[in-house]
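**Q** This is the structure I have questions about; it appears just below.
The values are calculated or read from the model by the stated rules, or taken from the named source; none is laboratory data. Not measured: the values here are computed from a predicted model. Backbone-built Cβ (ideal geometry, glycine too); neighbour counts: all protein chains shown.
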Amino acid sequence: MNLRKSVTTFLFAFLFVAAVAGGQQVFAQSPAAAEVDKQEDETNLDTQLYLLVATNQDVADAKLPPALESVVKQLRASLPFKNYRLAATLINRVKNNSRLNLKWIGGPLAASGAVSDTNPSFNEFKVNNVKLVRDAGNQRLVRMEGFGFGVRIPITTTAAVASNAPPVINYESTGLNTDISMREGEAVVVGTLNIGPSGDAIILVMSARSTAK
């Protein structure tokens, strides 16, 4: 009787271990997939943030980079602005699955001829997490979680009473925060921001591409 009980216990333990081992084999990651994940973890991404100013004023230099031609073509069909000019291009490198944050003092964003067009703007750009992911078709996308852009723009609030007195200028803040995904190397419009009484607008265009170096 004891022998039969021992044999039964042994068989039950053997089947339990085999079932657990089999389940582990089903969910185990293949060496090839693990190597791909490891390579992507070590990948760097080159990011490009373009600041376009859309305006109805005349633009001295309306030449835009080839990478923005298709984007501006779409913008002209949806936004009623006469001209677009490139105010800034920011190129940065960030490791896959990490963050990016920078601040800088930029040139004037107001329309040419405005009282405040000689005053600088104060800008901040950040992304909480930049990560390569794959869609349902196994195509690589660049996901940017916690994308944020903010700018402080000089606005003339009071005209000078005397001809020799300087105007009163206050800095007003504008910006946006969102999460985005994009195909590698594709320039996409993230959003638009109004920049004051001139009616001009900042258009944020973003692209990113992985690099082996």
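**Q** Could you run through segment 122-140 and say how many residues are surrounded by fewer than 17 Cβ atoms within 10 Å (Cβ to Cβ) and in contact (Cβ under 8 Å) with a residue 24 or more places away in the chain? If you could, list the steps in order and put the result at the bottom.
**A** Initial filter on segment 122-140 (surrounded by fewer than 17 Cβ atoms within 10 Å (Cβ to Cβ)): 122, 124, 126, 128-129, 133-140.
Okay, now just the ones that are also in contact (Cβ under 8 Å) with a residue 24 or more places away in the chain, so 122, 124, 126, 128-129, 133, 139-140.
Final tally of qualifying residues: 8.
**Q** Working only within segment 188-213, note down all residues that are crowded, with 20+ Cβ neighbours inside 10 Å and in contact with a helix residue (DSSP H, G or I) (Cβ under 8 Å, 6 or more places away or on another chain).
**A** Result: Ile203, Val205, Ser207.
**Q** Out of everything in segment 65-82 that is surrounded by fewer than 17 Cβ atoms within 10 Å (Cβ to Cβ) and farther than 14 Å from Ser207 by Cβ, what residue ends up being modelled with the lowest pLDDT?
**A** Kept after step one, since they are surrounded by fewer than 17 Cβ atoms within 10 Å (Cβ to Cβ), are these residues of segment 65-82: 65-67, 69-70, 73-74, 76-80, 82.
Applying the additional criterion that residues be farther than 14 Å from Ser207 by Cβ yields 73-74, 76-80, 82.
Working: Lys73: 92, Gln74: 92, Arg76: 91, Ala77: 91, Ser78: 91, Leu79: 90, Pro80: 84, Lys82: 91.
Among those that are surrounded by fewer than 17 Cβ atoms within 10 Å (Cβ to Cβ) and farther than 14 Å from Ser207 by Cβ, it is Pro80.
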